[in-house]
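In what follows, a structure is listed as structure tokens, so that the remarks can point back to it.
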Amino acid sequence: MKALIAHLFRAEPRGATLAILFGLASGASAAAMAVIISLALTTENRGTALATWFFGAAALNLVLRILSETRLIALTQKIVLNMRVNLAHRVLATSQLHLQQIGRQPLLTIQTRDIDAFAGSVQLIPLIVGNLLMIAGCFAYLGYENWRLCLTVVACLLVGATAFRLAERGPLIRLARLRNHIDQLYIHQRALIEGTKELQLNHKRGVQFIDKVLGPVAADVARDYIGAMSSYIWVASIGNSLFYLVIGVVLFGPTGIGSADLIPAVLVMLYLIKPVSEVMIGLPPLRQSAIALEQISRLQADLTPDPVTVSKPLEPEVITLQGATHSYQTDAEDGTFMLGPIDLSVRRGEVLFLLGGNGSGKTTLGMLLCGLYAPDQGRLLADGTEITPENLINYRQAFSAVFSDFHLFEHLPGADDPAMEERARHYIRHLRMDHKVGVEKGRLSTTDLSTGQRKRLSLVSAYLEDRPFCLFDEWAADQDPLFKAVFYNELLPELKARGKGVIVISHDDAYFSAADRIVKLADGKLVEGQA
């Protein structure tokens, strides 16, 4: 809990202070109620003064508790909002290679489950803080009434707290292991959803996937969750029973204290059972929240901290690779694929085709040209100016692209431009998609379409961006002959006529005549010829 409170104070010091103060005041008013109850039971004069104090403390406790919890809900959601947006900016600023090393699933799990776990558990803090203050206040009153008895009770509880800390080590290990298993479970659940067609065509494989892959991981999650929560239940229950044990020692042990003096102590200890139980019950989700916060902090540290800003987008006439190389790990025997060295220029107003077999380096070359990969050696130039980390973001704005593993966003680029929707409808009609999808308030009416249809809509997005250069990676691979012809014979010449530099990764030899220049790659090496 200390790490969570520290994070709250770092993120929102004023709001966290108010929420904690309200929680502390709520706990103080609850402790005052315990004292008033004890006084009322040990005095013959239960007049209006005690009643006024009691009902006043009860009303104050109610108001302060509501204020504390509602304040913390607002505070937590503000922190979560900042956390989500900050992570999103860091993802946007982080290189593609590093994002690939981190992996999609950890990014998704942290931005969904871990942030939600943090938000849900942090709201328990005012309750726990208030209960702790109530416990402290009750013990202060008990010490005032009989300090020897108070020391006896505190000593017993300290022994119990020490035992709890020792017993908690096992559940904490299980909770950490549970978090790792949940990562794996999400990966397999996503595979099940995305691979349903393949598994339905091979029922035996589908059953094996569920029984041998997904099922065992789900069983690990269930086992670790049951183990961790059961351990906490045992520990919390024993902690609660400790109060009854202490009451028994006080009542029946050789304390030498009269019955009249025991009444306040027993009443206070009975009164404390509920707040102590709430503290115990709140510890497991707080522990899970601490683990989630640790994962979030690790991801934040692993991503690029500087936000992406564009000072002035570049609009080069010529982009050039000089002696550029790029290597990456493969499953081949030597384990490394090397692209290059590459010497290549692309001008606005020309259509360049990149050809080559699978694994020849075409997509990697495309990623180098549009600035998503950085050359290991050599240089990337825009109108003779070298592209460096300082101007890389501005350079990337010169490109629109539809990648082979593209993503279709429902929000179209330039949604704040009133004329955008009409242009989008024009392109959608041109690609014969107007019977399937419409545009309203800058959004596509649906993205639940076939791969070929979604690629056509991604092409619409690229047109709307209206950048100097366009990269199309196997765009026509999922299109029927009609739309292949439209793409090569109508759309590419139109882009060329508008002065765009167009880079097309293609295998469609029937349309090679649409290219001004053809570049072939073989084993990462470049061979250039004229179309």
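The values are calculated or read from the model by the stated rules, or taken from the named source; none is laboratory data. The model shown is predicted, which means the values in this text are computed figures rather than measured ones. Glycine gets a Cβ as well: all are built from the backbone with ideal geometry, and neighbour counts include every protein chain shown. What goes into the accessible areas is simple: the full protein's heavy atoms, side chains included, and nothing from ligands, DNA or RNA. Shrake-Rupley method; radii C 1.70, N 1.55, O 1.52, S 1.80 Å.
Table for the structure above
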| read-out | value |
| --- | --- |
| All positions within region 463-484 that are small (Gly, Ala, Ser) and in contact with a Phe, Trp or Tyr (Cβ under 8 Å, 6 or more places away or on another chain) | Ala476 |
| All positions within region 293-322 that are of a type outside the set (D, E, K, R) and modelled with pLDDT under 80 | Thr304, Pro305, Pro307, Val308, Thr309, Val310, Ser311 |
| Criterion: assigned to a helix (DSSP H, G or I), under 25 Å from Leu108 (Cβ atoms) and in contact (Cβ under 8 Å) with a residue 40 or more places away in the chain - qualifying residue of His181, His188 | His181 |
| Some residue of region 353-371 being closer than 30 Å to Arg443 by Cβ, in a loop (DSSP other than H, G, I, E, B) and either modelled with pLDDT of 90 or more or open to solvent by 60 Å² or more (accessible area, probe 1.4 Å) (or both) | yes |
| Per-region count, region 460-485, residues closer than 15 Å to Ala514 by Cβ, among the hydrophobic types (A, V, I, L, M, F, W, C) and buried (at least 18 other Cβ atoms within 10 Å of the Cβ) | 5 |
| From Ala6, Ala11, Ala19, residue being surrounded by fewer than 19 Cβ atoms within 10 Å (Cβ to Cβ), within 30 Å of Pro305 (Cα to Cα) and either in contact (Cβ under 8 Å) with a residue 12 or more places away in the chain or acidic (Asp, Glu) (or both) | Ala11 |
| Among (1) open to solvent by 10 Å² or more (accessible area, probe 1.4 Å); (2) not in a loop (DSSP other than H, G, I, E, B), the one test that Pro375 misses | (2) |
| Matching entry among Leu157, Leu166 (being of a type outside the set (Gly, Ala, Ser), exposed (fewer than 15 other Cβ atoms within 10 Å of the Cβ) and not in a loop (DSSP other than H, G, I, E, B)) | Leu166 |
| Set Leu242, Leu172, Leu214, Leu192: member being farther than 18 Å from Pro284 by Cβ, modelled with pLDDT under 80 and open to solvent by 20 Å² or more (accessible area, probe 1.4 Å) | Leu242 |
| Qualifying residue in region 517-530 (condition: farther than 12 Å from Val351 by Cβ and in a loop (DSSP other than H, G, I, E, B)) | yes |
| Helices (runs of 4 or more DSSP H) fully within region 54-143 counting 1 or more residues that are of a type in the set (Asp, Glu) and open to solvent by 40 Å² or more (accessible area, probe 1.4 Å) | 115-122 |
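Matching residues to (1) closer than 30 Å to Leu381 by Cα; (2) assigned to a strand (DSSP E or B):
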{"position": "Ser400", "(1), (2)": "yes, yes"}
{"position": "Gly414", "(1), (2)": "yes, no"}
{"position": "Ala424", "(1), (2)": "no, no"}
{"position": "Tyr427", "(1), (2)": "no, no"}
{"position": "Asp434", "(1), (2)": "no, no"}
{"position": "Val437", "(1), (2)": "no, no"}
{"position": "Leu449", "(1), (2)": "no, no"}
{"position": "Phe472", "(1), (2)": "yes, yes"}
{"position": "Phe487", "(1), (2)": "yes, no"}
